[in-house]
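The values are calculated or read from the model by the stated rules, or taken from the named source; none is laboratory data. None of the values given here were measured: they were computed from a predicted structure. Note: ideal-geometry Cβ built from the backbone for every residue, glycine included; neighbour counts use all protein chains shown. The accessibility values were calculated without ligands, DNA or RNA, using every heavy atom of the protein model including side chains. Shrake-Rupley method; radii C 1.70, N 1.55, O 1.52, S 1.80 Å.
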Amino acid sequence: EFKVIPIGKPINNIQLYIISKENTLQPIGVTGELCIGGDGLARGYLNKPELTDNKFILNPFKPAEKIYKTGDLARWLPDGNIEFLGRMDNQVKIRGFRIELGEIESRLLKHKDIKEAVVVAREYNNDDKYLYGYITGDKKLTVTQLREYLGKELPDYMIPSYFIHLESMPLTSNGKIDKKALPKLDGNISTGVEYIAPRNKVEEKLAQIFREIINIESKIGIKDNFFDLGGHSLKATMLVSRIHKEFEVEIPLIEIFKSSTIEKISEIIKVSEKSIYDGIKPVEKREYYRVSSAQKRMYIINKMDKETTTYNIPYVLKLTGNLDRARIKNTFKELINRHESLRTSFTTVEDELVQIVKEVSELEFKIEYGDISEIKEGKKQKLIKDKWEKFIKPFDLEKDTLLRVKLLKILENEHLLIVDMHHIISDGVSMGLVIEEFTKIYAGEELGPLKIQYKDYAVWQNELFKSGKIKEQEKYWLERFEGEIPVINMQTDYQRPAVRSNKGASKNFIINKELTNKLNKRAKETGATLYMVLLSAVNVLLSKYTGQEDIVIGSPIAGRHHSDLTNIVGMFVNTLAMRNYPKYYKEFGEFLSEVKENSLMAYDNQDIQFEELVDKLPVKRDTSRNPLFDIMFVLQNIEISEKKMDLEALEVSTYDLENKIARFDITITAIEINGEISLNINYAESLYKESTIERLGDHFTNILEKISDNIDIKIKDIDIISEKEKHQLLVEFNDTKQDYPKDKTIQKLFEEQAAKTPN
């Protein structure tokens, strides 16, 4: 294969020159420093006269010519043939490259932890010839460490495929290293990476392919690097071919070099393979349609308490400038026409819950208007809050249009646009989508057509559950929650009511830039994500508060796998019940690895809806609690709160009004903004005081500081209280010095007190 290379540009520090017919040196590409003449004969080494004189010797048969001394050792046989015996020097040829073994040995011996080093080339299992590195030293280095060290100065083809650590080198009778006595590879290779077994069929198959191509017998974990195990460029090509054959997926060769572990390659395969979501197609028009699993749960919750606003999703925009009221109304009419969810209601047919999509002509959509522009500024904020709270009222899922809009004039050129939707037709992503499309339509922008609607997804989901395609996912979750399911035992300020109250409040905290940078760095170092680091810290926080080492935390996931679902308004969000074990003796880094693995497995099995899982688990129903978990953790990636948009003469920005609802005992929401992590802790006021939540937020911050400074700290050694609290507990609370009658015994004092207050 030939390719154009810029003239004179070296690759791997090696430059090829060719001698033209005019006998001038012409740099043309890359291979080595040996200059080849136009007649095909070698002329010498570029700028290395000593090497040229050593290698180019007089031809004993034609003294006028010079010949190239290859360094090969051979003998003439009686029949005139030449028998090759080996090398006179320490040079070998591996996969087309001539390699000086002494150069590799010299580099190895420069490592502070290596005492002796020998590199040899030999075949393995009748396969190609490979480089073997034999080393001695007090410290046992991993394959990864050795490869990284050599890779700083040597090209990839000069790095041994296998490294073997010896107690001592075998010696000949005269004290030299006996290369023939060096042990052969036993088929078991360790890269020094912690062994993590394949978790699914794709990873198991990849491990088998790795073993067959590299020709080894040892167990291969999902973290083992293909090249650390002995793979090279040619074997990487074979790997691409096998993956295509086994999985019907084409992966570019470059991706194998970028993502050379089973874990990463399996992720590429999953992205490339045909998704189960590819089956979503528009359904024919019907009188009514099946509902999704999430819609069914929302409907049941609403039936239990028709006066609840717990699952309302309100949002407020501030519109500044010259506002066109008619245009606002027409914009929302176009949104309702575009998204069928915004004109959907619910009913039962033959005891089965269904959704009915109304025609636009059947709806009587109105925008509620209000005007408080004449109210004095001092009273205005309280009035806005009152108007907001009165606007957020229960929906009748069978009769109402599940979208409400109010336009409130607060100044001559300022309005608040209040939007409220029920969770049964919307989620957080949907709300962001409605706001985004509102601004585009108002600005006169044309939106592309939608391929499918939410009802199509709901029908498809029901067919999926019937088909049994996700039985493996169901099996994963049932195994995850085998045995006794833990209930979080958080100490509350007030007695838990018999029926959950949805009244809530929130407290905000800021994780500064320095600590945020440290946390992101820890995530990068461990191959985790910020979500995984924060989720691990939340587990530690709850473990410290409760003493429990088996904890379940809820975590939402967008549930929009397919690209066609990206722009659909509807209830897609699913909840994952993340079960982890923050045992007191574990190092935090070790626990983070477990949380990472559990999170990845949960993502792989996210198609099972939370409601379906709860129905299949032996969960005791309790009206005072949520099923499976009471604490929710959210890392918000979709952020619309900081947006400012200009629509001709109208500026649109967000307007914060606290929605005093608590769906769970505690919900910790984190969002990274401008290099800082903003934390919001939403809590049930029926259970906790504000001071308790404030202290909890401080304790969480203390945990983050401890793990960012030392990721190997044991969980039991993570101190959550501050110096101020320590002083309060150890000094202030122990300030018990009091005057007392020293002439009386403690028994006498007790008797006197008992006589005063006998009851």
Would you check if there is a residue in the range 523-530 being under 28 Å from the mean Cα position of the chain (by Cα), on the phi > 0 side of the Ramachandran plot and assigned to a loop (DSSP other than H, G, I, E, B)?
yes
When every residue in the range 708-724 that is acidic (Asp, Glu) and either more than 30 Å from residue 592 (Cα to Cα) or free of Cβ contacts under 8 Å to residues at least 12 places away in the same chain (or both) is compared, the one least open to solvent (accessible area, probe 1.4 Å) is 717
Qualifying residue in the range 330-350 (condition: of a type in the set (Lys, Arg), closer than 29 Å to residue 505 by Cβ and open to solvent by 10 Å² or more (accessible area, probe 1.4 Å)):
no
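Among the residues of the range 450-461, is there at least one that is surrounded by 15 or more Cβ atoms within 10 Å (Cβ to Cβ), under 22 Å from residue 626 (Cβ atoms) and either among the hydrophobic types (A, V, I, L, M, F, W, C) or at pLDDT below 90 (or both)? Outline the logic, then answer.
Filtering the range 450-461 for residues surrounded by 15 or more Cβ atoms within 10 Å (Cβ to Cβ) gives 450-461.
Still in the list and also under 22 Å from residue 626 (Cβ atoms): none.
There is no residue in the range 450-461 that is surrounded by 15 or more Cβ atoms within 10 Å (Cβ to Cβ), under 22 Å from residue 626 (Cβ atoms) and either among the hydrophobic types (A, V, I, L, M, F, W, C) or at pLDDT below 90 (or both).
Give me a count of the residues in the range 697-753 that are of a type in the set (S, T, N, Q), part of a helix (DSSP H, G or I) and under 29 Å from residue 522 (Cβ atoms). Full working, then the answer.
Start the filter on the range 697-753 by keeping residues that are of a type in the set (S, T, N, Q), which leaves 701-702, 708, 710, 722, 728, 734, 736, 738, 745, 747, 753.
Then keep just the ones that are part of a helix (DSSP H, G or I); that gives 701-702, 708, 728, 747, 753.
Filter once more, keeping what is under 29 Å from residue 522 (Cβ atoms): 701-702, 708.
Counting residues in the range 697-753 that are of a type in the set (S, T, N, Q), part of a helix (DSSP H, G or I) and under 29 Å from residue 522 (Cβ atoms) gives 3.
Among the candidates 380, 409, which residue alone is in contact (Cβ under 8 Å) with a residue 40 or more places away in the chain and of a type outside the set (Val, Ile, Thr)?
Details: 380 fails: in contact (Cβ under 8 Å) with a residue 40 or more places away in the chain.
Of 380, 409, the one residue that is in contact (Cβ under 8 Å) with a residue 40 or more places away in the chain and of a type outside the set (Val, Ile, Thr) is 409.
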Pairs returned, first residue in the range 198-213 that is within 17 Å of residue 236 (Cα to Cα), second residue that is among the aromatic types (Phe, Trp, Tyr), beta-carbon separation under 7 angstrom, 6 or more apart or interchain, are 210/226
When every residue in the range 241-265 that is under 21 Å from residue 230 (Cα atoms) and of a type in the set (Val, Ile, Thr) is compared, the one surrounded by the fewest Cβ atoms within 10 Å (Cβ to Cβ) is 254
Of the residues in the range 582-610 that are among the charged types (D, E, K, R) and part of a helix (DSSP H, G or I), the one that is modelled with the lowest pLDDT is 604
Among 705, 676, the single one that is in contact with a Leu (Cβ under 7 Å, 6 or more places away or on another chain) and either free of Cβ contacts under 8 Å to residues at least 12 places away in the same chain or surrounded by fewer than 18 Cβ atoms within 10 Å (Cβ to Cβ) (or both) is 705
query = Has the range 731-754 got at least one residue that is open to solvent by 50 Å² or more (accessible area, probe 1.4 Å) and under 31 Å from the mean Cα position of the chain (by Cα)?
reply = no
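If we only count strands (runs of 3 or more DSSP E) wholly inside the range 99-180, which ones have 2 or more residues that are modelled with pLDDT of 90 or more? Walk me through it before giving the result.
Details: elements: 116-123, 129-136, 162-165.
The qualifying strands (runs of 3 or more DSSP E) are 116-123, 129-136.
When you check residue 271 against the structure, is it in contact with a Pro (Cβ under 9 Å, 6 or more places away or on another chain), modelled with pLDDT under 85, in a helix (DSSP H, G or I) and not small (Gly, Ala, Ser), yes or no? Break it down into steps so the answer makes sense when it comes.
On the way: in contact with a Pro (Cβ under 9 Å, 6 or more places away or on another chain): no; modelled with pLDDT under 85: yes; in a helix (DSSP H, G or I): yes; not small (Gly, Ala, Ser): yes.
Criteria not met by residue 271.
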Within the range 382-392, the residues that are part of a helix (DSSP H, G or I) and open to solvent by less than 100 Å² (accessible area, probe 1.4 Å) are 383, 384, 385, 386, 387, 388, 389, 391
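Being modelled with pLDDT of 95 or more, outside any loop (DSSP other than H, G, I, E, B) and open to solvent by less than 20 Å² (accessible area, probe 1.4 Å): is that true of residue 519 here?
Working: modelled with pLDDT of 95 or more: no; outside any loop (DSSP other than H, G, I, E, B): yes; open to solvent by less than 20 Å² (accessible area, probe 1.4 Å): yes.
Against the criterion (modelled with pLDDT of 95 or more, outside any loop (DSSP other than H, G, I, E, B) and open to solvent by less than 20 Å² (accessible area, probe 1.4 Å)), residue 519 does not qualify.
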Here the residues within the range 584-628 that are farther than 21 Å from residue 547 by Cα and among the hydrophobic types (A, V, I, L, M, F, W, C) are 600, 601, 602, 608, 610, 613, 614, 617, 619
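Output the residues belonging to the range 285-329 that are part of a loop (DSSP other than H, G, I, E, B), open to solvent by 40 Å² or more (accessible area, probe 1.4 Å) and within 30 Å of residue 615 (Cβ to Cβ).
Within the range 285-329, the subset part of a loop (DSSP other than H, G, I, E, B) is 285-288, 291-292, 305-311, 322-324.
Remaining after also requiring open to solvent by 40 Å² or more (accessible area, probe 1.4 Å): 285-288, 305-307, 322, 324.
Correct list: 286, 287, 288, 305, 306, 307.
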Flagged pairs (Cβ under 9 angstrom, 6 or more apart or on separate chains; first in the range 440-464, closer than 27 Å to residue 324 by Cα; second of a type in the set (A, V, I, L, M, F, W, C) and part of a loop (DSSP other than H, G, I, E, B)) are 440/447; 441/447
The number of residues in the range 433-445 that are open to solvent by 10 Å² or more (accessible area, probe 1.4 Å) and more than 21 Å from residue 649 (Cβ to Cβ) is 1
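State all residues of the range 553-599 that are of a type in the set (A, V, I, L, M), in contact (Cβ under 8 Å) with a residue 60 or more places away in the chain and open to solvent by 10 Å² or more (accessible area, probe 1.4 Å); if no residue qualifies, say none. I'd like the intermediate steps shown before the answer.
Keep residues of the range 553-599 that are of a type in the set (A, V, I, L, M), which gives 553, 557-558, 565, 568-569, 571, 573, 576-578, 592, 595.
Then drop every residue that is not in contact (Cβ under 8 Å) with a residue 60 or more places away in the chain, which leaves 553, 558, 565, 568-569, 571, 573, 577, 592, 595.
Correct list: 558, 571, 573.
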